[in-house]
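Step one of this worksheet: look at the structure below.
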Amino acid sequence: MVIQESDLRVQKMSDTKYIAMQRIKNLFALAKQTLHDDPYLAQHYVDIARKIAMAAKIRMPKEYRRQLCRHCKSFFLPGVNCRVRIKQQREPHIVITCLNCGKQMRMPLRHKKGKVKT
């Protein structure tokens with residue numbers, strides 16, 4: 001099993017979880033390639049990746065979680081099936097609007113100074 005130095009979390013994983021993570025990465029790459037040609041197949045790849053993550057009891061990496069709608073679980077590709085806006089009101093944040101279900105997701109751009117993780 002070859003482990004890259006940049007994947008520090010992967011070093012702590014068992015072989016099963018490592019294989020599951022590799023399959024999730026491959027399925028998201030396939031979904032990104034096929035979204036323009038066949039959006040149903042791309043969604044099917046993402047559904048399989050989510051099921052693999054649930055079966056292996058691993059959290060989907062943040063980079064992949066942000067490519068999914070939190071409401072309808074559809075795969076996002078900016079400009080194709082979602083709209084991305086940067087808002088400055090109150091706290092600066094990104095608003096992603098799903099064009100399939102119409103719901104919005106908000107992601108903060110800055111960490112709160114008052115909160116300390118323990």
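Each Cα pair under 8 Å and six or more residues apart adds its sequence gap; the mean of these over the residue count of segment 13-118 is a relative contact order of 16 percent.
Against the empirical 2.2 N^0.38 Å (N residues), segment 68-118 has a Cα radius of gyration ratio of 1.33.
Laboratory data are not the source of any read-out in this text; all were calculated from the coordinates shown. Please read these numbers as outputs of a predicted model, since none were measured by experiment.
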